[in-house]
Amino acid sequence: MDNVQRSCLQRLARSSKSCTRAPAQAMAPPRPRVQWPAPTYRPRPPPLALVSKASCCCRAPTRPTARSGSDGRGVRGEAAALDAVISSGETELDVELLWDEALGAPGAVLVTNNSDFPVYLQLLSLSSPAVHFVCNGWVYPVGKHPYRLFFTNDAYVKEKTPPALLKDREDELRLLRGEGAPAGKPLQKWDRVYDYALYNDLGNPDLREDLARPVLGGSKEYPYPRRTRTSRPPSKVDPSSETRASLEEGIYIPCDERTGGVAAAPNLPKLDGHFGSLADVHGLFDSNAKPFPFPVPQVISANRTAWRTDEEFARQTLAGANPLSIELVTGLPLTSKLDRAVYGDQDSKITKEHIEKNLGNMTVAQAIEKDRLYVVDHHDWVMPYLKRINELPGDEEKGEISQRKSYATRTLFFLQDDSTLKPLAIELSSPHPKDERLGGTSTVYTPPDELKAGDAASDTFTAWDLAKAHAASNDACKNNYVLHWLRTHATMEPVVLAANRQMSVLHPIHKLLKPHFRNTLDTNSTARHIVIGSGDERQGGAFYRNMHEVNFFTGKYGMEMSSKAYASYNFTELAFPNELIKRGVARGDPKKAEELELLIKDYPYAVDGLEIWTAIKEWVTDYCAIYYADGDGAVAGDSELQAWWSEVRNVGHGDLRDAPWWPAMDSVDDLVETCSTIIWLGSAYHSAVSFGQYAYNGFVPNRPTITSGEMPADAKAAVTEAEFLGSITPKTETFGLMALTMNPPVKPGEPLMGERPDTEQWTSEQRAAKALLEFNSKLDAIAEAVKKRNADGALRNRNGPVEVPYTLLAPRADPTVPHVGGIPNSIAV
């Protein structure tokens, strides 16, 4: 971000005693808090003018107004300058405003900026009458923004808007949609336009031919959600792709979405080869480590060796970095959904002979009947790309990414009486060496008979340990590209865009969802720039590859693979009860989440998540009941709401517009379920799939993201420590992965679920304010319940052998427990 000034006008005005005959003088007390990075620039704040909700007054104002209301708009009061100099940091200012109380309470405020620098207005408050304008927006100089208009904290659907505000409401939305802007004019950092584009900026063909990447979205081959349009010029080499932006230029997002500059990719040392010993890996966390010591990942903070146990390997499918992939097995063999005409027979080769010896007194049929068999199956996601992945690096990529040798994995588990899981078998599959159409070749690995599998006290590794590493690598990559990036960042971006384009800030659903959109566009634009793309040049000409292509075994195919996953995306299945039921780990009525039966009783993610989902849905239900008291007809007749949801479906997710699962959005039930799902995905779900990455992936032997080297032909073969480490993430990629995920996931001051920076002023509707307080009380109670469950020794999956309590769905920060930062409101990292 360049030298911009943030002027947070917090509680900006209070009025003196009002007068019934003469204009009342409004005096602004809450002094605007101003913040800006370069204290040498000290602009004066912008002038303000209030706007009435009425288009005319019963008598002429005693002073002339800039806008009389004759065009059906509200009467504009006399402008008042904020006669003060903004200092660095945050500043609060006072101002006197003249207002005729016969006009009633003002409905909006007009702000112009006659200085040379932008300012950021946070809040303007009048105390008599008590009116709040929640601004949270940049005001650029008049050459860029002729004015900004901020509405009060009232909420109306369009059909109930005071007539004098209706044209201003419509004008604001037209501006945000970019209507009337010159065609082809590049978007600038002061613009406020929200618009759509394809994912055509992941590659960099102008820099190097091998850095070209397919366009995601707009085709049957690569369906994808839409991103924010930036209006950068097309590539010279490939006109279907967009050119990259330099770090100095930054990437366009609407100015009110901008929270910081574009981050630079970390400049990490290039280290050759793999770690030679576990001691070398542990050395990364020593205080004298070079280039700097990394924080100790939680998975080894209490016990340095317990990560090797089979119990811990299995527990992480319920309470680790990805607790969303485990599914109930309803029959053997496990079958593939891949097209046999293209890939041949890809069904699983795990048989009852592989697993029955570890089922105690049960047969396979009995275990299936009693809901005791579970699987984590990433086979079909990996297999179509596996041959290409294992041919990496290509000639151009040598020296930039490491050799890959991966397998498509299926891992089978047995649910024991104490609700812990025991791994039974891991199947590693490869394409047929002669022809992919001939089917897959598979080896099934089972825990060794002669050793206690994964014995933490043993110095011996086996092929079983390597098989677990491959299974963990598949899981880490699927979580990264599909469960995390696709289901939260990518699919929520068009929801944010459509909301800003079609629903006024006055709309009650916009007010409900806005906290859960915070920083999402900014975070995603940064990700496209340095994380999920192909590569770029640093200042000075040095080349670097983006993080995910280097640090995950999928290499340059990861985003393509997320596109293939998007083809089967179903928003309604991501409502939390539906998601659990689809995987077979819960039974019951999804509309009664609190009554669902969990088949795995000690399933921390599911237990905590159901409590949070229930609280979210109760809050949304209470809120929507205020504004849609007339029932389903009010929802169907809400023009802005309907325009929003239509645009989400037909434009933002246009490649799936014809899918049968889309909610019709013609009932209160549809509205509540949709909003609850959006809030869940932007907050708790994102926390569960994102914030455990460093805790578990940060120690790469526990959860490698890259695998290399052929597996031993003998499933019982012994493996040395050096051979094990030589088959997983190399040194350079380990540094990159840790640098990407090491920072605390919850930033200081980040609003947590249920919190709003404008808690006292966000709404004028007391019933809504009360409902939010009740929601927060429920979240506080859930936080205490999570803490209590984590202290219950009978719940073995809550902490596991590594002694890491499950806190990713603890709604509140807990200073007494390390790494418990709470659940943020939004996808802000």
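Quick look at the numbers
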| read-out | value |
| --- | --- |
| Placed amide H near S127: partners under 5 Å, 5+ positions off or other chain | R14, S15 |
| Sites Q642 and D272 - FRET efficiency at Förster radius 51 Å, r taken between beta-carbons, to 0.05 | 0.30 |
| Dipole in debye (nearest 20) - the chain, about Cα centre, beta carbon charges: Lys, Arg +1; Asp, Glu -1 | 1940 debye |
| Assigned charges on the beta-carbon of Lys, Arg, Asp, Glu; segment 547-599 dipole about Cα centre (debye) | 140 debye |
| Dipole of the chain, positive end: most advanced residue of I326, P701, P744 [Cβ charges, Cα centre] | P744 |
| Alpha-carbon spread of segment 92-213, three principal axes, descending order, Å | 68, 36, 23 |
| Rounded if a/c under 1.5, otherwise prolate or oblate - segment 557-680, Cα gyration tensor axes | oblate |
| Residues whose placed amide H lies under 5 Å from that of D195, excluding near-sequence neighbours | R229 |
| Value of relative contact order over the chain, rounded to a whole percent, pairs C-alpha under 8 Å and six or more apart | 14 percent |
| Pairs from K357/K592; K556/K716; K511/K556; K592/K788 whose Cα-Cα separation, in the structure shown, is over 31 Å | K357/K592; K556/K716; K511/K556 |
| Rough spin-label spacing in nm, given labels placed 7 Å along Cα→Cβ, for R304 and K357 | 3.4 nm |
| Net charge over other residues, Cβ less than 10 angstrom from the Cβ of A567 (K, R count +1; D, E count -1) | 0 |
| Separation between Cα centres of segment 781-829 and segment 453-525, rounded to whole Å | 19 Å |
| Net charge of neighbours whose Cβ lies under 11 Å from the Cβ of L681, counting Lys and Arg as +1 and Asp and Glu as -1 | 0 |
| Cα-projected label distance for T259 with D94, points at 7 Å along beta-carbon direction, nm | 3.4 nm |
| Residue-wise HN-Hα coupling along segment 470-482, computed from phi with Karplus coefficients 6.51, -1.76, 1.60 (Hz; x: Gly, Pro) | 5, 4, 5, 5, 4, 5, 5, 6, 4, 4, 5, 8, 10 |
| Flagged links, alpha-carbon separation over 20 Å, of K158/K591; K370/K601; K158/K778 | K158/K591; K158/K778 |
| Per-residue [θ]222 nm for the chain (sum of -39500 (n - 2.57) over DSSP H runs n ≥ 4, rounded to 500) | -8000 deg cm²/dmol |
| Extended-chain gain in nm, criterion 0.36 nm per residue less alpha-carbon gap, D395 and K144 | 85.5 nm |
| Rg and Dmax [Cα atoms of the chain; Å; Rg one decimal, Dmax integer] | 28.6, 96 |
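Readers should treat all values here as calculations from the given coordinates under stated rules, not as data from a laboratory. Note that the coordinates shown come from a computational prediction; the quantities given were computed from them, not determined experimentally. Reconstructed Cβ throughout: ideal geometry from the backbone, glycine too, with neighbour counts over all protein chains shown.
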